Amino acid sequence: MNKKYFYSALVLILLMATSCQKKEEKIVKPEGLRDVFKDNFLIGAALNVNQILEKDSVQSALIASEFNSVTPENVMKSMLIHPQKDTFNFEIPDKLVALAEKNDMHVQGHTLVWHSQLSPFFKEITDSTEMVEVLTNHINTIVGRYKGKIDAWDVVNEALNDDGTLRKTVFLDVLGEDYLSLVFKIAEKVDPNVELYYNDYSMTNPSKRAGAIKMIKRMQELGTKVNGIGMQGHWDLDTPSLEEIEKSIVDYADLGIKVAITELDVSVIPMPWDFTGADVNVKFESGDATMNPYPNKLPDSIQVKLANRYADIFKLFLKHQDKISRVTLWGVNDGESWKNDWPINGRTNYPLLFDRNNGKKKAYYSIVNLKADSKE
Ligand code: G3I
């Protein structure tokens, strides 16, 4: 090859290499919520069985690109994971953990001790020694299996009444009020590195908040490791007020623990009477059509209201990001939300960030835009 051809070929190769590099640089992965909030807090979703089994590839891709934390919506509740004293069902929980590992996600175990969806054998126990044995086996087996794989557990769920007193459960009856410390300590012993949370709804109500604070302080006095409080966010368009949400985040963080917003969904349809909370055991009759006002489509005006509500609460979460470890949506899309069937069956609700076709709603853009605005 003469010199002239050699240099022309070299220039051509260099040009091609640069253009390839530019092309690569141009391939920008679309940012999901996990990227948008990566410097602020984890952003998660509760997954149902179909989502864990990755039945719908479109939705699986969406989950992987939007969220960096997952919580099993149901499959780790005692009735499902430990239905009989000597039977454990790990098949689907294992798949959840594998899905999280594949997508580099935090896993929140939900939940070890809960009076609801409770395996029947617990309810038959009346002797405290037996209860300790059975709980120890329950926690050792489940937490032990996922040691190093599950990052945090909702150790106890919904132990408080709305007035802040301890709920009457078989655990309280048989073991007394320090049963919370007992089960947290069992979990800590099995996996000293796993984070341990107390999780409940209506945690913004002043009397429940006072009860929760008293309960955590008591656990701390007993030397119990409590890493955080999970505030379930089963909220609606107007309640709880931003002031109560903020006060709760601040007061819980003052205990020296993390705050997670664990079950966020914002209902846009009426609650029967003045009922609040998220007690799954309370149900109402279907009532009249006024109780299901948007069976076909959410009017734009309400869509905007929902977007504004999400923006307001995320603004608050960003303001207190130093206290907040994680924000988890209770479900992925509106069609799958438990809020369609509670507290009245068969209604059409729109509480999440993705619509029934997995499309991004105004509410989604409203929270993403908070970060875009702050970059300007
Ligand atoms: O899987 C069965 C199905 O086989 C059966 O045909 C069908 C008939 O009713 O029931 C299905 O089980 C349902 C399950 O959800 C899965 O969809 C249960 O009846 C139903 O009670 C259960 O509801 C769950 C509820 O907890 C009770 O465990 C909701 O999905 C779940 O979103 C909800 O989550 C709770 C949190 O764990 C704690 N905080 C409150 C929150 C909302 O209630």
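Annotations for the structure displayed:
The rows are residues; the columns are (1) outside the structural domain of THR204 (by TED's automatic domain parsing); (2) of a type in the set (A, V, I, L, M, F, W, C); (3) in a loop (DSSP other than H, G, I, E, B).
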residue: LEU264; (1), (2), (3): no, yes, no
residue: PRO270; (1), (2), (3): no, no, yes
residue: GLY277; (1), (2), (3): no, no, yes
residue: VAL282; (1), (2), (3): no, yes, yes
residue: ASN296; (1), (2), (3): no, no, yes
residue: LEU316; (1), (2), (3): no, yes, no
residue: ASP322; (1), (2), (3): no, no, yes
residue: ARG326; (1), (2), (3): no, no, no
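- Among the residues of the range 339-376, those that are within 16 Å of the ligand (Cβ to nearest atom) and either free of Cβ contacts under 8 Å to residues at least 12 places away in the same chain or touching a Cys at 6+ places or on another chain (Cβ under 6 Å) (or both) comprise ASN340, ASP341.
- Selection status of ILE139, assigned to a helix (DSSP H, G or I), in the same structural domain as PRO192 (by TED's automatic domain parsing) and touching a helix residue (DSSP H, G or I) at 6+ places or on another chain (Cβ under 8 Å): yes
- Among the residues of this structure, ILE344 does not count as one that is at negative phi, assigned by TED's automatic domain parsing to the domain that holds GLU195, out of contact with any strand residue (DSSP E or B) (no Cβ under 8 Å at 6 or more places or on another chain) and of a type in the set (A, V, I, L, M).
- Hits in the range 326-338 - residues which are within 8 Å of the ligand (Cβ to nearest atom) and under 16 Å from VAL58 (Cα atoms): GLY331
- Test: residue in the range 173-190 that is within 16 Å of the ligand (Cβ to nearest atom), modelled with pLDDT of 95 or more and in the same structural domain as ASP251 (by TED's automatic domain parsing): no
- Of the residues screened, ASN358 is not one that is in a loop (DSSP other than H, G, I, E, B) and surrounded by 20 or more Cβ atoms within 10 Å (Cβ to Cβ).
- Test for THR224: is it touching a Ser or Thr at 6+ places or on another chain (Cβ under 6 Å) and more than 29 Å from ASN308 (Cα to Cα): yes
- Residue check for LEU298: more than 14 Å from the ligand (Cβ to nearest atom), among the aliphatic types (A, V, I, L, M) and touching an Asp or Glu at 6+ places or on another chain (Cβ under 7 Å): no
The values are calculated or read from the model by the stated rules, or taken from the named source; none is laboratory data. Quantities reported herein were computed from a predicted structural model and do not represent experimental measurements. Methodologically, a virtual Cβ is constructed for each residue, glycine included, from the backbone with ideal geometry; neighbour enumeration extends over all protein chains shown.
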